[in-house]
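Peer 1: Okay, here's the structure, questions in a sec.
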Amino acid sequence: MLPFSIELRPGLPLAEQVVFAVKKAVVSGQLQVGDKFPSVRQLSQELRINPNTAHKVVAALVSENVLISTPAVGTIVAAPVAGSRRERSALLGAELERIIVEAKKFGFSLADVQAAVTDHWRKLSEPSKS
């Protein structure tokens with residue numbers, strides 16, 4: 001069984017969906033620093049996805065410093081990368097811009113977006129119910 005939950009949706013790239021699910025599991029506490037991550041083979045079998053896609057997922061998570069891969073230990077959840085507030089904010093720039101464009105397209109106000117962000121922040125901050 002996978003240490004994170006995911007509901008795959010048609011029309012969205014599989015690798016992106018899995019990467020997002022893993023990141024969400026990390027920030028919500030479902031996956032903790034040092035937890036062992038499934039192998040590419042296990043990931044592809046459990047999700048019924050192509051092994052190349054599973055490899056792409058693991059490679060993306062390693063390159064984004066969400067996972068660490070070592071020959072002796074395997075792949076584990078990495079500790080958050082430290083950086084200045086400006087550097088960390090810059091990492092969110094493209095994602096925030098995408099959210100803001102979509103919100104404006106649908107006519108949401110700044111207050112609506114802030115309320116939605118607050119709601120989602122709280123949901124992810126609640127202790128995991130395992």
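The values are calculated or read from the model by the stated rules, or taken from the named source; none is laboratory data. Fair warning: this is a prediction, and the values are worked out from it, not measured in the lab. Because the Cβ atoms are built from the backbone with ideal geometry, glycine has one as well, and the counts that use them run over all protein chains shown.
Peer 1: Residues of segment 57-107 being within 21 Å of residue 26 (Cα to Cα) and charged (D, E, K, R), which ones?
Peer 2: Result: 64, 85, 87, 88, 95.
Peer 1: May I pose another question? Can you spot a residue in segment 57-64 that is under 16 Å from the mean Cα position of the chain (by Cα), surrounded by 12 or more Cβ atoms within 10 Å (Cβ to Cβ) and at pLDDT below 95?
Peer 2: yes
Peer 1: Condition first: among the aromatic types (Phe, Trp, Tyr), free of Cβ contacts under 8 Å to residues at least 24 places away in the same chain and not in a loop (DSSP other than H, G, I, E, B). Can you find one or more residues in segment 105-114 that meet it?
Peer 2: no
Peer 1: Hey, another quick one. Out of the residues in segment 102-130 meeting the condition of being of a type in the set (Lys, Arg) and surrounded by fewer than 10 Cβ atoms within 10 Å (Cβ to Cβ), tell me which one is modelled with the highest pLDDT.
Peer 2: Going through the qualifying residues, I end up with 105.
Peer 1: Let me ask something else about it. For residue 22, are the conditions met, namely being β-branched (Val, Ile, Thr), under 26 Å from residue 121 (Cβ atoms) and touching a Phe, Trp or Tyr at 6+ places or on another chain (Cβ under 6 Å)?
Peer 2: When the stated conditions are applied, residue 22 passes them.
Peer 1: Please find, within segment 1-43, the residue that is nearest to residue 63 (Cα to Cα) out of those that are β-branched (Val, Ile, Thr) and either surrounded by 15 or more Cβ atoms within 10 Å (Cβ to Cβ) or touching a helix residue (DSSP H, G or I) at 6+ places or on another chain (Cβ under 7 Å) (or both).
Peer 2: Out of the qualifying residues, it is 19.
Peer 1: Tell me, please, whether a residue that is outside any loop (DSSP other than H, G, I, E, B) and in contact (Cβ under 8 Å) with a residue 24 or more places away in the chain can be found in segment 76-88.
Peer 2: yes
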